[in-house]
1. Over the range 52-103, what lengths in whole Å, largest first, do the semi-axes of the equivalent ellipsoid take, defined as the square roots of 5 times the eigenvalues of the alpha-carbon gyration tensor?
2. Can you check what the net charge comes to around residue 48, using other residues whose Cβ is under 13 Å from the Cβ of residue 48 (Lys, Arg +1; Asp, Glu -1)?
3. Among 40, 48, what's the order by accessible area (1.4 angstrom probe), most exposed first?
4. Residue 83 accessible area, nearest 10 Å², 1.4 Å probe?
5. Set the Förster distance to 25 Å, then compute FRET efficiency between residue 76 and residue 19 from the Cβ-Cβ distance, nearest 0.05.
6. Which value, in Å² and to the nearest 10, is the accessible area of residue 12 when all protein chains are kept and the probe is 1.4 Å?
7. To the nearest 500 deg cm²/dmol, what mean residue ellipticity at 222 nm is calculated for the chain from DSSP H runs of n ≥ 4 alone, each contributing -39,500 (n - 2.57), summed and divided by the residues?
8. Kirkwood Rh over Cα pairs of the chain into Stokes-Einstein at 4 °C, 1.567 mPa s: D in µm²/s?
Amino acid sequence: MDVDELTAYLDENSKVVSNFRAKMMAYEVEKNKRRQPAKRWNQTQLDRAVDKSQATFMKSVFDQLSGSISADKSAKEWATFIDDNEIADSLEESVDMIDMDEA
């Protein structure tokens, strides 16, 4: 499994990705409001910032998981590991607790 497959799996089987994106977008919108009017980002720029943050977040999750399960294992083995160890639930809780102002 690679980072993109992990992201797709978590997106289909949990709320981790959608919750992270929603939280990041809210943070980026707030940050954008504090910018000078002429320097405010449009929606495309906000979306790109959220995409970049999501990619960084998912890479970090992948790196941590690959310490416990080899990247060359099948997607099914990864899914079993994630389900058996309730990784998605833990990630959802972690995302809920993230304070973007401190991130």
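The values are calculated or read from the model by the stated rules, or taken from the named source; none is laboratory data. The structure displayed is predicted, hence computed values, not measured ones. With ideal geometry, Cβ positions are generated from the backbone for all residues, glycine too; neighbour counts draw on all protein chains shown. Just the protein is used for accessible areas: all its heavy atoms, side chains included, with ligands, DNA and RNA removed. Shrake-Rupley method; radii C 1.70, N 1.55, O 1.52, S 1.80 Å.
1. Details: eigenvalues 103, 36, 12 Å².
The equivalent ellipsoid of the range 52-103 has semi-axes of 23, 13, 8 Å.
2. On the way: positive: 21, 52; negative: 28, 47, 51.
Result for the neighbourhood of residue 48: -1.
3. Details: 40 110, 48 150 Å².
Highest to lowest solvent-accessible surface, that is 48, 40.
4. Looks like 90 Å² after rounding.
5. 0.50
6. Accessible area of residue 12: about 150 Å².
7. Numbers: 5 runs with 74 residues, N = 103.
Only helices count here, giving -23500 deg cm²/dmol.
8. Values: Rh = 14.7 Å.
For the chosen part, D equals 88 µm²/s.
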